[in-house]
There are 2 protein chains.
Amino acid sequence: MNDTVTPDWIAVDWGTTHMRAWAMSASGTVLAAATSDQGMGKLQRDGFEPALLDAVGPWINGPTTIIACGMVGSRQGWVEAPYAATPCPAMPETFVQAPTTTPGLSVHVIPGIKQVHPADVMRGEETQIAGFLARNPNWDGILCLPGTHTKWVHVSANEVVSFQTFMTGELFATLAEHTVLRHSIAADGWDDAAFSDGLSDAMGRPEKLAARLFSLRAESLLNAQPGATARARLSGLLIGAELAAAKPYWLGQQIAVIGAGGLAKTYVTALAAQHAPATQVQGEAITIAGLTAAYRRLKG
Amino acid sequence: MNDTVTPDWIAVDWGTTHMRAWAMSASGTVLAAATSDQGMGKLQRDGFEPALLDAVGPWINGPTTIIACGMVGSRQGWVEAPYAATPCPAMPETFVQAPTTTPGLSVHVIPGIKQVHPADVMRGEETQIAGFLARNPNWDGILCLPGTHTKWVHVSANEVVSFQTFMTGELFATLAEHTVLRHSIAADGWDDAAFSDGLSDAMGRPEKLAARLFSLRAESLLNAQPGATARARLSGLLIGAELAAAKPYWLGQQIAVIGAGGLAKTYVTALAAQHAPATQVQGEAITIAGLTAAYRRLKG
């Protein structure tokens, strides 16, 4: 925290578990950054403004515009920002203002996007998509946004055409932590060959997933399979099942994977094994670019 | 608990979370029953004998034979009873005696069964299989034993030929309790049509499972899908994925589903929808029949 920073506006990515904020210049330069563990999931409606001021108060000196994306705009968030429906631009025409008590503070929340059929929703990813399109105007293809709930998004003519969410990240965490597999899966470590094997097994016979899961336990009991091998194999099995189901999205398309470090790289590696080359794009920079695009739209 | 009972022997089914015991006559009649929440998962090696005496002490009056199956014979149990390897009879020739300090108490633990490739294990189900075969000698076909870890078992010529374990029950519980789906899935309630839809969706396109999971959340957010509907649909999706993967087991075979009440009935219904008629057999009676078969073998 730097109390000499005087931003023109503040960018906020407010998810379920964490909040990240950036002090911004009007031209879109990051002057300072702050984080907080006061995610949406921990806050009542009247807790958002105090949590925001805790994190970025020293940056606020007079009237301040704040642009926020993510679960802060959900029904359980600060203010509900109703979903736009596909097909639609990633960045909507208007935002929703959150109720505030601090004089001069105006908080604008970016709506998420819904798809009516098959039913699906996103909040936060739309801002990354808008940021990606701000940097790559008229880009046409498939964006993959790996995470707790990985999104595959078809983008064309600067619109979100359709998308599909996979619970792969949450499945991995819950299988490794809350089931009998916890005795067989290491908390870290990796095995490239086991990941590849799991990936190709699941791509070839995706319907076998539920049976292959227990074999991770049996292999550790009978053959002392190392925990890091089981960990990489589980990741391969789950990502393989996801790629098999998402094939109508990515086959023969231009692909970009948006995300930080390891997980996004794992998806790029998995797609490469299917002869589907993908570009990796850093997630945080793209989020800031999306919030900056929203600020520019607001300021007309 | 009835302290006037004088059994000829005691039958014990000792799993990870619970222990059930029956005071038995030599001819296999149940004289009394007892249960305990002192499952294998809660006990150190020296805790098993006291836990047993807590539950069945009043039945013990002089030398007593106890026959036990389940996780009590695992590496973390009272005594390790090494797995028999498929193909093998469900009931082995010999049992493993647990160390005891009470004079006259002899505890015989039934070994589980392993399959080397694909790696798989069972402990406790082998006794149910033996009980089923004791009642249905020379039966040939597929046994389905639904539970936390559902087993599909190919039985022929009074042997276990092969088997496959699915984590379906544990997946259901962990998805409903530990993921974002917990907000959308009711703790009870049911919807037959939603179960059938989920089942046929998953049977038709089993590779789509990971994507369909998140749609349960989206349907509740966008279309206020009731929690009981989501619960039945999740069950249909998971059992459908299991039936799709287990098809090489059950297709065109004689099938019996072993288990108590609701879950086993759900499998019978699901199989019927695939034109695969299955007989339902009560699990507890079959477990006791298996333990009785072991007692008879021990007594020669």
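The values are calculated or read from the model by the stated rules, or taken from the named source; none is laboratory data. As the structure is a computational prediction, the values presented were derived from the model and not from experiment. Virtual Cβ from ideal backbone geometry, glycine too; neighbours counted across all protein chains shown.
Of all residue pairs spaced 6 or more apart or on separate chains, those with beta-carbon atoms under 6 Å, a first member in region B:254-267 that is within 15 Å of B:Phe195 (Cβ to Cβ) and a second member that is in a loop (DSSP other than H, G, I, E, B) are B:Leu263/B:Pro146; B:Ala264/B:Pro146; B:Tyr267/B:Pro146. If only residues of region B:270-294 that are outside any helix (DSSP H, G or I) and touching a residue at least 12 places away in the same chain (Cβ under 8 Å) are counted, the one that is surrounded by the most Cβ atoms within 10 Å (Cβ to Cβ) is B:Ala278.
Counting just the residues of region B:169-193 that are within 14 Å of chain A (Cβ to nearest Cβ) and aliphatic (A, V, I, L, M), which one comes out farthest from A:Ala173 (Cα to Cα)? Please lay out each step first, then the result.
Going through region B:169-193, the residues within 14 Å of chain A (Cβ to nearest Cβ) turn out to be B:169-185.
Keeping just the survivors that are aliphatic (A, V, I, L, M) gives B:171, B:173, B:175-176, B:180-181, B:185.
Numbers: B:Leu171: 12, B:Ala173: 14, B:Leu175: 11, B:Ala176: 14, B:Val180: 12, B:Leu181: 14, B:Ile185: 19 Å.
Only one residue fits best here, namely B:Ile185.
If only residues of region A:59-85 that are more than 15 Å from A:Asp46 (Cα to Cα) and part of a loop (DSSP other than H, G, I, E, B) are counted, the one that is nearest to the chain's Cα centre (by Cα) is A:Gly70.
Under the condition of being modelled with pLDDT of 95 or more and either among the charged types (D, E, K, R) or buried (at least 20 other Cβ atoms within 10 Å of the Cβ) (or both), the residues counted in region B:147-173 number 12.
Scanning region B:195-218 for residues that are surrounded by fewer than 22 Cβ atoms within 10 Å (Cβ to Cβ) and farther than 20 Å from A:Glu242 by Cα returns B:Ser196, B:Asp197. Out of region A:29-52, which residues are in a loop (DSSP other than H, G, I, E, B) and surrounded by 18 or more Cβ atoms within 10 Å (Cβ to Cβ)? If the condition is that a residue be in a loop (DSSP other than H, G, I, E, B) and surrounded by 18 or more Cβ atoms within 10 Å (Cβ to Cβ), then A:Gln38, A:Leu43 are the ones that fit.
In the set (1) part of a helix (DSSP H, G or I); (2) more than 9 Å from chain B (Cβ to nearest Cβ); (3) touching a residue at least 40 places away in the same chain (Cβ under 8 Å), A:Ser162 fails one condition alone, (1). Within region B:19-28, the set of residues being at pLDDT below 95 and either aromatic (Phe, Trp, Tyr) or buried (at least 16 other Cβ atoms within 10 Å of the Cβ) (or both) comprises just one member, B:Gly28.
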